[in-house]
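Note sheet for the following structure.
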Amino acid sequence: MSEKNVEYRPHVALSTSSLYPQGVPETFEAAKRLGYDSVEVLVTHERMSQLTHQLLDSVQKYQMPISTIHAPTLLFTQQVWGKSWTKVQMAAKLTHQVGAEVVVVHPPFRWQRKYAKNFVTGVREVSRMTDTKISVENMYPWRVAGREAVVYSPHYSPLGQDYEWVTWDFSHAATAKMDSLAAVKELGSRLGHVHLTDGSGETLADEHLLPGHGVQPVAETLEYLRDQRWQGVVGVEVSTRKCETPEQRDEWLAESLDFARRHMTREE
């Protein structure tokens with residue numbers, strides 16, 4: 001049977017960030033209950049997100065694999081795991097230990113001068129030394145004192161940068177006023193991971209709306225990836241902090257999963 005005659009079904013992960021401020025156990029439980037394929041772990045100050053044995057205990061308990069490790073390279077996780085390159089190396093190590101597929105990292109802030117110097121080649125070197133897919137996420141400009149400021153180095157956009165792998169986030173693209181479909185087509189085989197979300201494009205805040213609730217061509221992009229039979233992981237990374245009840249949060253997470261499946265599954 002040819003590959004074209006085999007059903008194409010996306011692999012959809014639930015990010016721990018989607019249940020923030022709840023933690024790792026709650027994410028595993030929700031992912032299992034709602035029918036997700038795996039969990040994406042954002043490493044934070046929560047100790048369980050950092051500890052191999054506790055993560056593996058959850059994998060065993062819920063029979064739910066970890067597909068992605070998001071390194072603690074966010075602004076609010078600057079104190080986790082020490083220096084910047086240490087964060088990347090430890091995330092790569094954790095990825096192997098828990099059987100995950102990819103590490104997501106953010107580009108450096110401009111004030112992280114040592115980290116920013118030779119960042120592009122440094123990511124490639126760590127990736128090859130650790131035999132790990134390290135995927136750099138697209139970010140967005142900030143607004144400082146009413147003026148737009150580029151705070152990431154070499155740039156908030158991975159387009160034009162020589163990254164081996166890129167993570168595409170639809171919310172960040174909305175904030176940066178970028179066309180996700182055009183960007184994904186340009187990235188081609190370098191697309192290593194997707195953060196499924198959306199944004200209004202009307203604010204410089206990082207909204208992480210449910211897919212289809214913003215202005216990004218999310219459905220069209222997923223359908224393009226389906227037609228290309230893309231083999232990466234789609235990580236649902238939406239904000240549920242405005243949910244009034246646990247039931248509403250489940251509805252939002254189930255809707256996001258259904259969105260991915262509806263626009264990416266192809267039956268032959």
With 249, 261, 226 as the choices, which residue is in a helix (DSSP H, G or I), surrounded by fewer than 22 Cβ atoms within 10 Å (Cβ to Cβ) and touching a Ser or Thr at 6+ places or on another chain (Cβ under 6 Å)?
249
Among (1) in a loop (DSSP other than H, G, I, E, B); (2) modelled with pLDDT under 95; (3) farther than 18 Å from residue 163 by Cα, which single condition is residue 73 missing?
(3)
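Could you check, for region 39-47, whether at least one of its residues is part of a helix (DSSP H, G or I), in contact with a strand residue (DSSP E or B) (Cβ under 6 Å, 6 or more places away or on another chain) and either modelled with pLDDT of 95 or more or of a type in the set (S, T, N, Q) (or both)? Give the derivation first.
As a first pass, look at region 39-47 and keep what is part of a helix (DSSP H, G or I): 47.
Filter again for in contact with a strand residue (DSSP E or B) (Cβ under 6 Å, 6 or more places away or on another chain), leaving none.
Taking every residue of region 39-47 in turn, none turns out to be part of a helix (DSSP H, G or I), in contact with a strand residue (DSSP E or B) (Cβ under 6 Å, 6 or more places away or on another chain) and either modelled with pLDDT of 95 or more or of a type in the set (S, T, N, Q) (or both).
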If I ask for residues that are assigned to a loop (DSSP other than H, G, I, E, B) and crowded, with 21+ Cβ neighbours inside 10 Å, which ones from region 229-246 would you list?
232, 237, 238, 240
Cβ pairs under 9 Å, 6+ apart or interchain, first in region 224-245 and without any contact (Cβ under 8 Å) to a residue 24 or more places away in the chain, second part of a helix (DSSP H, G or I) and loosely packed, with under 11 Cβ neighbours inside 10 Å, ordered by first then second residue, are 228/188
Which of the residues that make up region 162-188 are within 9 Å of residue 199 (Cβ to Cβ) and hydroxyl-bearing (Ser, Thr, Tyr)?
171, 175
Is it the case that some residue within region 55-65 is under 28 Å from residue 266 (Cα atoms) and surrounded by 19 or more Cβ atoms within 10 Å (Cβ to Cβ)?
yes
Can you pull out the residues in region 16-51 that are under 24 Å from residue 93 (Cα atoms) and among the basic types (Lys, Arg)?
47
Could you tell me whether residue 206 is closer than 23 Å to residue 41 by Cβ and modelled with pLDDT under 95?
yes
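Just the residues that are buried (at least 24 other Cβ atoms within 10 Å of the Cβ) and closer than 22 Å to residue 148 by Cα, please, taken from region 209-222.
Initial filter on region 209-222 (buried (at least 24 other Cβ atoms within 10 Å of the Cβ)): 211, 216, 218, 221-222.
Passing the criteria: only 216.
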Determine which member of the set 38, 17 is out of contact with any Ser or Thr (no Cβ under 6 Å at 6 or more places or on another chain) and within 22 Å of residue 133 (Cβ to Cβ).
17
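The values are calculated or read from the model by the stated rules, or taken from the named source; none is laboratory data. Model, not experiment: these values are computed from the prediction. As a convention, Cβ positions derive from the backbone with ideal geometry for all residues, glycine included, and neighbour counts pool all protein chains shown.
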